[in-house]
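The values are calculated or read from the model by the stated rules, or taken from the named source; none is laboratory data. Here the structure is a predicted model, which means the values were calculated and not measured. Cβ coordinates were reconstructed from backbone atoms using ideal geometry, including for glycine residues, and neighbour counts include every protein chain displayed.
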Amino acid sequence: MVHDNLLNLAKRVRSIADVGLLYSGHNPYDKERYEELQAIALELMHEITSTPIPTLREAFPAVRDYPTAKVDIRGLTLSPKGEVLLVKESADGRWSLPGGWADIGYTPKETVVKEFREETGFEVIPVRLLAVFDKKMHPHPPQAHYVYKMVFLCQITGGAIRQAFDVQDVNFFAPTNLPAEFSEDRILRQQIELLIKIAKDETALPYCD
C-alpha cells in the first residue's frame, strides 16, 4: 500500500512536469526545471518498481497534447427531507453540484470526496454511480474541451457547511424549488432532475450516454 501511494505521487509529479513543459513556452529556465522534475519522477518510479529508467522513459513519451476527453466528477447528496445540496460558483455566480476536474492520482470516488470537503465542508461517502454524461449529448454551452461527466450519489457523514474560495454559497434546495440559474457549463437543470429521480430509485441503473 505504501509503495502504491508513493508510485501515485511519482506519477503526479511526472504529470505536473509534463504539463509544465507543454505550456512553458520558450523559457529555458522553466524547461530545465520541468525536465528535472521529470527525471526525479522517473528515479522515484525506478526505486519503487525496479523498472529500468530507459524502459520507464519509453512508457512515458513526451506529451503532445493528445486530444483525449477530460473528466468532470460531481456528487449529488439529498437531505433527509429530500433536498439537494448545491454550491454557487464564484466563476459565474450560478449554482451547480459540488465537484470539479478529475485529478491525477485520485480515483473518481476519492475526487468527489475531496471536492465535497473543499467546496462545502461536508465529509461524504460515495454510495453509487448515478450517471455518465457526454456533454455533446446535452445542451451545455460550447466548450473547448471534450468532456465526460461522472455523477455519484453521496451520503453526508460529518462536517458542516464551510464554503471554499471558489464558491460563493452552499445551500439545500427542494427539488420543486431549485434555483433559477444553473452554471450550465457544469450542470443542467434537467440533469439534476434526472439524477434525483435515479437517486430515489434504488433499483435504477446508472444513466450513460
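Where in the range 79-178 are there strands (runs of 3 or more DSSP E), lying wholly inside it, with at least 2 residues that are over 22 Å from THR68 (Cα atoms) and charged (D, E, K, R)?
84-89, 122-134
Here is a yes/no grid of residues against (1) in contact with a Pro (Cβ under 8 Å, 6 or more places away or on another chain); (2) under 22 Å from PHE182 (Cβ atoms); (3) without any contact (Cβ under 8 Å) to a residue 40 or more places away in the chain:
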site: PRO61; (1), (2), (3): no, no, yes
site: GLY75; (1), (2), (3): yes, yes, no
site: SER90; (1), (2), (3): no, yes, no
site: GLY100; (1), (2), (3): no, yes, yes
site: GLY105; (1), (2), (3): no, no, no
site: GLU110; (1), (2), (3): no, no, yes
site: LYS114; (1), (2), (3): no, no, yes
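Are any residues in the range 42-73 modelled with pLDDT of 85 or more and closer than 30 Å to ALA131 by Cα, and if so, which ones?
LYS70, VAL71, ASP72, ILE73
Would the range 189-199 turn up any residue that is of a type in the set (A, V, I, L, M, F, W, C), out of contact with any Phe, Trp or Tyr (no Cβ under 9 Å at 6 or more places or on another chain) and over 16 Å from LEU76 (Cβ atoms)?
Checking the range 189-199: not a single residue is of a type in the set (A, V, I, L, M, F, W, C), out of contact with any Phe, Trp or Tyr (no Cβ under 9 Å at 6 or more places or on another chain) and over 16 Å from LEU76 (Cβ atoms).
When you go through ASP209, ASP201 one by one, which is the residue that is touching a helix residue (DSSP H, G or I) at 6+ places or on another chain (Cβ under 7 Å) and exposed (fewer than 13 other Cβ atoms within 10 Å of the Cβ)?
ASP209
Is it the case that the range 22-32 has a residue that's surrounded by 15 or more Cβ atoms within 10 Å (Cβ to Cβ), over 17 Å from the mean Cα position of the chain (by Cα), on the phi < 0 side of the Ramachandran plot and not assigned by TED's automatic domain parsing to the domain that holds GLY158?
Scanning the range 22-32, I find at least one residue that is surrounded by 15 or more Cβ atoms within 10 Å (Cβ to Cβ), over 17 Å from the mean Cα position of the chain (by Cα), on the phi < 0 side of the Ramachandran plot and not assigned by TED's automatic domain parsing to the domain that holds GLY158, so the answer is yes.
Do we have ASP166 as touching a residue at least 24 places away in the same chain (Cβ under 8 Å) and loosely packed, with under 13 Cβ neighbours inside 10 Å here?
yes
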